[in-house]
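Worksheet for the structure shown next.
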Amino acid sequence: MRFELLLLLAVAACGSDDPTPSATITAATPDSLAPDDDTRDDLTITVRYDDGDGDLGDGFAEIHDCRADGLVTELPIPAIASGGVVGERITGTLELHVNDVGAIESTALPEACEALGVAELASAETVFCVVLVDAAGHRGDGDCTAAIAIE
């Protein structure tokens, strides 16, 4: 699988005591994937982030495919805030591209997905969960997509 990350927007705001970045998935498209069709096996996940100390840049997005343990991809996040803003709260949007989602058999639900409230998956579906980790190693609360059909 090939993965890409596109940074859409970063806005500096007021400071915060919580250095942990949070992620809220606002969209995941398309709502079905066809692993055997290269034109229909890519997923785009749009994530709204909030980072209390502005050091999300140079961290990474951890994307869990909930069909099996170990299907985790780390996408590096480029620098977002200038040096003068680090230490201040930043919010914005990341667009995460998961390319070439493959066909695999579902196994036991991964612990990370279960911890984020994902229930057992049907045989022809998956869920992707995103956790943001900032440059200092602070892991935020993650969020998950709705079920995505696998054709």
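The values are calculated or read from the model by the stated rules, or taken from the named source; none is laboratory data. Quick caveat: nothing in here was measured; it's all calculated off a predicted structure. Virtual Cβ from ideal backbone geometry, glycine too; neighbours counted across all protein chains shown. Areas reflect the complete protein model, heavy atoms only, side chains present, ligands, DNA and RNA absent. Shrake-Rupley method; radii C 1.70, N 1.55, O 1.52, S 1.80 Å.
Taking region 138-151 as the search range and keeping residues that are surrounded by 13 or more Cβ atoms within 10 Å (Cβ to Cβ) and assigned to a loop (DSSP other than H, G, I, E, B), which one is nearest to the chain's Cα centre (by Cα)? Let's see the steps before the verdict.
Applying the first criterion (surrounded by 13 or more Cβ atoms within 10 Å (Cβ to Cβ)) to region 138-151 yields 138-145, 147-150.
Remaining after also requiring assigned to a loop (DSSP other than H, G, I, E, B): 138, 140-142, 145, 147.
Numbers: H138: 15, G140: 11, D141: 11, G142: 8, T145: 9, A147: 15 Å.
Out of the qualifying residues, it is G142.
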*Residues being under 30 Å from D53 (Cβ atoms), open to solvent by 70 Å² or more (accessible area, probe 1.4 Å) and among the small types (G, A, S) - total across region 103-123*: 1
*When region 124-137 is examined, which residues are found to be more than 15 Å from the chain's Cα centre (by Cα) and buried (at least 16 other Cβ atoms within 10 Å of the Cβ)?*
E125, A135
*asked:* Residue under question is D41, and the condition is that it be open to solvent by 70 Å² or more (accessible area, probe 1.4 Å) and either at pLDDT below 90 or not basic (K, R) (or both); does it hold?
replied: no
*Which numbered condition trips up E105, out of (1) farther than 24 Å from P19 by Cβ; (2) of a type in the set (D, E, K, R); (3) modelled with pLDDT of 90 or more?*
(3)
*Of the criteria (1) under 15 Å from the mean Cα position of the chain (by Cα); (2) crowded, with 17+ Cβ neighbours inside 10 Å; (3) at pLDDT below 95; (4) closer than 18 Å to T24 by Cα, which one G54 fails*: (1)
*Count of residues meeting criterion [of a type in the set (D, E), under 30 Å from S123 (Cβ atoms) and either open to solvent by less than 40 Å² (accessible area, probe 1.4 Å) or not in a loop (DSSP other than H, G, I, E, B) (or both)] in region 57-102*: 4
